[in-house]
1. Translational D (Stokes-Einstein, µm²/s) of region 211-280 at 37 °C and 0.692 mPa s when Rh comes from the Kirkwood sum over C-alpha pairs?
2. Counting other Cβ atoms within 10 Å of each Cβ, which GluC sites (Glu not before Pro) in region 306-408 have at most 14 and sit in a DSSP loop?
3. Would you tell me the accessible area of residue 26, worked out with a 1.4 angstrom probe on the heavy atoms of the protein chains, in Å² to the nearest 10?
4. Mind listing which GluC sites (Glu not before Pro) in region 82-178 are in a DSSP loop and have 11 or fewer other Cβ atoms within 10 Å?
5. Pull up the cross-link candidates among the aspartates and glutamates for residue 218, meaning alpha carbon to alpha carbon under 19 Å and not fewer than 8 places away within one chain.
6. Find, among the trypsin sites (Lys or Arg not before Pro) in region 35-129, those assigned to loop by DSSP (not H, G, I, E, B) with at most 14 other beta-carbon atoms within 10 angstrom.
7. Determine the distance separating the Cα centre of region 290-318 from the Cα centre of region 24-51; give it in Å without decimals.
8. Count the DSSP beta bridges whose two residues both fall in the chain, then state the antiparallel fraction as a percent rounded to the nearest 5.
Amino acid sequence: MSQLTIVGIGPGSADYFMPAARNCMRDAHTVIAAKRILPMLQEVCGDTDAEFCPMGKIQDTFIKIDTLLREDRSVALVVSGDPLMYSLYKTILNDDISKDWEIAVIPGIGSMQMLGAAFGETMEDALLVSVHGRSHSPGMVALWVTEHPKVFFLCSKEQGPAWLSQIMLDYHLDDVEVYVGANLSYEEQELTTGSPADMVRKEFPSLCVAMIKNPHPKPVMRPCFLSDEDFERGKTPMTKEEIRVLILHKMKIHPDDILWDIGAGTGSISIECARQAPFGEVYSVEREDAAVELIRKNKEKFGVGNLKIYHGDAAQQAKKLPVPTKVFIGGSGGKLREILEVIAAFHKNIPVTVTAVTLETISEAGELLGGYDSDYDVIQATIGRGRKIGSYHIMDTNNPVMIFTAVI
């Protein structure tokens, strides 16, 4: 079997075309590239016996490459920018069809490098991310910028510099500076910089690169845990503070997580999640009217605007929620299986934490979550609290709680 070489040709201009890339294509049996750049490649390569073919759909292209390699014909797959930076190389490695391929890579100059060079900015202290074709939440973007002095973004038509700037304004990151490069290396190259307020009103080409500089980056610190007495209580049962700490530890919340709290009760877990994920979102689901009112009161008390309340049946409401990164289920109304099926349908490997007190729920949770081999775990927690009787103290013990965790 011959070799596949993934060739990076830089930002697009022939001026940034590496000799190694040209020589590889001249020597290949077949060169595959996007239709729009084939004429340039043929001109740069000059006189060659290589066959130039337009790239089709990804899977069709992979099948074509596999066929050529098995016929002992060398292939050069040409991509713009750098194959190692948000390009086809990772997609190829993750596809089973490539497991027997011999693969080489010729790197190219990426658009992020071009942007840094245009503005004289180094990349050693920068975070490099892509929002092109990826579903990153606004909170995640704001967290990146908050914690890093520079963030470089590969943009898309919908998620471009104006979108990034609006996020900066929404999260009160007003003192950052936004840098944009479009059509880099071409005669019509555009370079623009300004504050989020300036850039949010501008229009940019669909494919461009942006950098956001934060003059005051800082790590986002998680707040300490709340006590039971901090919450509005009422008569609705509430997860006790010691158990909450164990649950939150098991959930391993990140500042930009999208979290579900199913069967939220007073909302104590929802509030803690919202405080620990200030750049994320928390969706609190509860069916009891009195409990929903308590959640609203606690939301107002702690000022967690990223908490959203859904009133109704847990299984039905779960179908309306966005894809979560983590889920806590404190009550299911007897519909644990249905809720887990909704989560499993996302095919996203979502960590789920479930608490159970009754023998029936313990049995069901163990059976259902135990079927998932990935990171399945269960602990039992029993909390005793001292109470004074006369001149003595005794321990009042709460019902033991089983805490199940699994990745679904």
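1. Estimated via Stokes-Einstein, D reaches 243 µm²/s.
2. none
3. 90 Å²
4. Those that pass, being in a loop and sparsely packed, are 124, 158.
5. By straight Cα distance, residue 218 reaches 124, 125, 147, 170, 174, 175, 177, 256, 257.
6. In loop regions of region 35-129 (DSSP not H, G, I, E or B), the sparsely surrounded trypsin sites (Lys or Arg not before Pro) are 57, 99.
7. So the two Cα centres are separated by 59 Å.
8. Antiparallel bridges: around 45 percent, rounded to the nearest 5.
The values are calculated or read from the model by the stated rules, or taken from the named source; none is laboratory data. Since the structure is predicted, the reported quantities are computational estimates derived from the model, not experimental observations. As a convention, Cβ positions derive from the backbone with ideal geometry for all residues, glycine included, and neighbour counts pool all protein chains shown. The accessibility values were calculated without ligands, DNA or RNA, using every heavy atom of the protein model including side chains. Shrake-Rupley method; radii C 1.70, N 1.55, O 1.52, S 1.80 Å.
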